[in-house]
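A.B. asks: One structure, as structure tokens, below. Some questions next.
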Amino acid sequence: MSTPRQPRETRAGLEPLAVLPVFVPLQGKRAVLAGSNGGAPWKVKLLAAAGALVDVYAPEPSEELLAVPGEIAAGSVTLHRRGWTPEDLAGAAFAIGATEDEADCIAFVAAARAAGAIVNAVDRPHLCDVKFGAIVNRSPLVVGISTEGAAPVFGQTVRARIEAMLPRGFSRWVAAARDWRDGVSERFHGFAERRGFWERFTDRAFAEPDRAPTQGDLTELLGETEAAPKGGAVTLVGAGPGDAELLTLKALRALRNADVILYDDLVAREILDYARREARTMLVGKTGHGPSCRQDDINALMVSLAKTGKQVVRLKSGDPLVFGRAGEELEACRLAGVPCTVVPGVTAAQGAAASLGVSLTHRDAARRLQYVTGHDRRGALPEDLNWGALADPSVTTVVYMPKRTLGVLLERAISEGLAPATPALVVFNATRPDQATVTGTAADLAARIEAAGLEGPAILMVGEALGLREAEAIIGTAPDRLAI
Ligand code: SAH
């Protein structure tokens with residue numbers, strides 16, 4: 001038996017950030033721009049668009065700058081045809097140096113800082129407290145993009161992509177959210193209910209972005225939220241074999257909704273990034289070889305958290321209903337009267353087959369597909385496997401947890417009648433960046449695996465379908481590391 005361990009709370013890490021994105025409210029505040037270099041007109045427009053009252057000090061304004069006051073839809077712009085003075089900065093919340101002369105710009109920046117303004121200087125990054133990024137504007141929804149000066153064209157392309165992804169109508173939906181927010185908070189006091197309302201609201205916005213939200217929407221959404229079942233619940237969610245893009249939309253929604261996530265060692269860490277930042281994450285892993293949490297402890301924790309009203313996600317690798325002891329977790333919830341639902345995931349066999357580009361069934365070579373465990377309660381080869389079925393020439397067999405017993409399993413299958421030349425392969429770390437495949441036959445695969453010395457979760461696949469010519473061709477060019 002493996003060593004016991006206790007469920008343990010884990011915290012999401014944060015990769016280093018090149019800059020900290022923050023958003024500066026400027027509605028009704030004073031902003032000052034000095035100078036009239038090439039970047040000045042656009043910066044003045046930006047400040048005005050954010051609702052600032054902008055004073056521009058420029059002894060010789062360019063044609064373009066002169067035109068700005070007539071072109072703005074928000075804020076106000078006053079052009080002063082003279083140089084700036086320190087007094088001009090009194091009460092400024094934001095200041096931009098746009099003078100041609102470096103020394104003048106340095107003096108302006110110092111005066112602006114002394115006046116308490118946030119400072120930017122056009123084309124002089126060394127003088128800036130804050131920098132501008134590319135913007136996607138669906139106000140009040142605003143997206144800012146920065147490459148921290150590393151790749152402006154890249155940033156522009158990202159902006160164009162996001163621009164295409166966000167319908168213009170989102171503006172109206174987010175504005176409605178702002179107007180309805182207080183009312184919704186008054187109506188629903190619990191976090192889960194409020195969140196339920198805003199989830200439904202967001203679904204509607206995504207479904208019908210081009211239509212303006214109405215009072216009728218509000219009434220319906222309030223009604224739906226009131227009618228929804230309350231209290232905690234458990235969702236068994238399939239995290240797939242590793243690649244986060246294989247998550248289902250339902251899995252994403254469950255992760256975003258979760259208060260607590262109990263996850264296994266095999267769940268790829270990137271997948272936890274889709275959870276809410278405030279969600280508690282707990283590692284409750286069972287590993288074949290290392291320390292393991294007891295299933296009873298996991299069940300008890302899951303149920304007790306749900307009973308305190310939490311939305312609990314039990315996040316399991318692959319599909320929860322394939323070699324995941326989900327039956328016991330479902331039963332524990334049923335016995336405790338805790339509602340429990342299942343969100344399926346891509347099981348390791350499917351992930352591996354897809355990334356290799358092999359069909360697991362074939363009209364000539366594989367009439368049947370079977371998933372088998374290579375591992376019993378003690379970690380040994382299960383005594384009661386159906387050897388006749390494993391020796392069947394027209395089956396594709398996928399063995400989960402095969403690592404410790406692969407040699408004996410294949411040997412025994414051959415002695416029960418499996419052709420020694422039957423194609424066999426093991427995929428390590430299927431769908432992950434370090435995916436690697438070892439191919440061979442039922443007779444020689446064990447030795448090849450030994451020689452390859454690979455690590456990580458692995459599944460064994462055996463069957464004629466895997467050796468078909470088209471399959472071989474694809475395996476040969478698969479993007480993973482082939483160890484043959
Ligand atoms: N519920 C999971 C299986 C859990 S049992 C599923 O549906 O995939 C754990 C076993 O799954 C591992 O020992 C390994 O055999 C297999 N497995 C899980 N993820 C894998 C991956 N990314 N690559 C290869 N095998 C994997």
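A.B. asks: Which shape class, rounded, prolate or oblate, goes with the range 133-251 when its Cα gyration tensor gives a ≥ b ≥ c as root eigenvalues, a/c under 1.5 marks rounded, and past that a/b bigger than b/c marks prolate?
C.D. replies: Judged from the Cα gyration tensor, the range 133-251 comes out oblate (a/c at least 1.5, b/c at or above a/b).
A.B. asks: Pull up the cross-link candidates among the lysines for Lys131, meaning alpha carbon to alpha carbon under 27 Å and not fewer than 8 places away within one chain.
C.D. replies: Lys29, Lys43, Lys45
A.B. asks: Let me ask another. Where the centre of each part is set by its Cα atoms, how far does the range 66-119 sit from the range 318-397, in angstrom?
C.D. replies: With the range 66-119 and the range 318-397 each reduced to a Cα centre, they are spaced 67 Å.
A.B. asks: Also, I was wondering about something else. What is the sum of charges, Lys and Arg at +1 and Asp and Glu at -1, for the other residues whose Cβ falls under 10 Å from the Cβ of Asn299?
C.D. replies: Computed value for this residue: -2.
A.B. asks: Around Lys316, what is the net charge, scoring Lys/Arg as +1 and Asp/Glu as -1 over all other residues with Cβ under 10 Å from its Cβ?
C.D. replies: -1
A.B. asks: Does the range 170-227 come out rounded, prolate or oblate, given a ≥ b ≥ c as the square roots of the eigenvalues of its C-alpha gyration tensor, rounded meaning a/c under 1.5 and, failing that, prolate meaning a/b above b/c?
C.D. replies: prolate
A.B. asks: What lysines does Lys403 reach when the alpha-carbon gap must be under 24 Å and sequence neighbours fewer than 8 apart in one chain are set aside?
C.D. replies: The qualifying lysines are Lys286, Lys316.
A.B. asks: Further, regarding this structure: With 10 angstrom as the radius, rank Glu383, Glu270 by how many other C-beta atoms surround their C-beta, starting from the fewest. It would help to have the intermediate numbers written out before the result.
C.D. replies: Working: Glu383 6, Glu270 14.
The fewest-first ordering by Cβ neighbours comes to Glu383, Glu270.
A.B. asks: Assuming 0.36 nm per residue, please report the length gained on full extension of the stretch Asp376 to Leu17 beyond their Cα-Cα distance.
C.D. replies: Working it through step by step, the gained length comes to 124.7 nm.
A.B. asks: Any aspartates and glutamates with Cα under 16 Å of the Lys230 Cα? List them, leaving off those in the same chain fewer than 8 positions away.
C.D. replies: Filter leaves Glu193, Glu199, Asp259.
A.B. asks: Once you order the gyration tensor axes a ≥ b ≥ c over the Cα atoms, which shape class does the range 349-483 get: rounded for a/c under 1.5, otherwise prolate or oblate by comparing a/b with b/c?
C.D. replies: Oblate, because a/c is 1.5 or more while a/b does not exceed b/c.
A.B. asks: Mean projection of the alpha-carbon convex hull of the range 55-205 over all orientations, in nm²?
C.D. replies: Working: hull surface 50.4 nm².
Hull-based average projected area comes out at 12.6 nm².
A.B. asks: Which of the cysteines found in the chain have nothing to pair with, since no other Cys Cβ lies under 4.7 Å from theirs?
C.D. replies: Result for the chain is Cys105, Cys128, Cys293, no neighbouring Cys Cβ within the cutoff.
A.B. asks: Just name one of Val322, Ala244, Val338: the one whose Cα is farthest towards the positive end of the charge dipole of the range 233-345 (beta-carbon charges, Lys/Arg +1, Asp/Glu -1).
C.D. replies: Farthest along the dipole direction, towards plus: Val338.
A.B. asks: Would you work out the relative contact order for the chain, in percent, from Cα pairs under 8 angstrom that are 6 or more residues apart?
C.D. replies: Relative contact order of the chain: 11 percent.
A.B. asks: Next up: How long is the gain from Glu87 to Leu249 if the chain were fully straight, where each residue apart is worth 0.36 nm and the alpha carbon distance is subtracted?
C.D. replies: Answer, rounded to one decimal: 52.7 nm.
A.B. asks: About its Cα centre, what dipole magnitude does the chain give when the only charges are +1 on Lys and Arg Cβ and -1 on Asp and Glu Cβ, stated in debye to the nearest 20? Mind showing how you got there, number by number?
C.D. replies: Working: 53 positive and 58 negative charges, 217 e Å.
It works out to roughly 1040 debye.
A.B. asks: If you average the sequence gap of Cα pairs under 8 Å that are 6 or more apart and divide by the length of the range 19-139, what percent do you get for the contact order?
C.D. replies: Answer for the range 19-139 is 24 percent.
A.B. asks: Quick one: Cα convex hull volume of the range 30-132, Å³ per residue?
C.D. replies: Values: hull volume 8.3 nm³, N = 103.
In the range 30-132, the Cα convex hull volume per residue is 81 Å³.
A.B. asks: I'd like the trypsin sites (Lys or Arg not before Pro) in the range 290-386 restricted to DSSP loop residues with at most 15 other Cβ atoms within 10 Å, sorted by number.
C.D. replies: When the trypsin sites (Lys or Arg not before Pro) of the range 290-386 are filtered for loop state and at most 15 Cβ neighbours within 10 Å, Arg294, Arg325, Arg363, Arg367, Arg377, Arg378 remain.
A.B. asks: A further question follows. Percentage of Cα-Cα pair distances in the chain greater than 35 Å, rounded to whole percent? Intermediate results must be reported in sequence, preceding the final value.
C.D. replies: Working: 62473 of 116886 pairs.
Tail of P(r) above 35 Å: 53 percent of Cα pairs.
Every number here is computed from the coordinates shown, using simple stated rules; none is lab data. Note that the structure is a prediction, hence the values are computed from the model and not measured. Glycine gets a Cβ as well: all are built from the backbone with ideal geometry, and neighbour counts include every protein chain shown.
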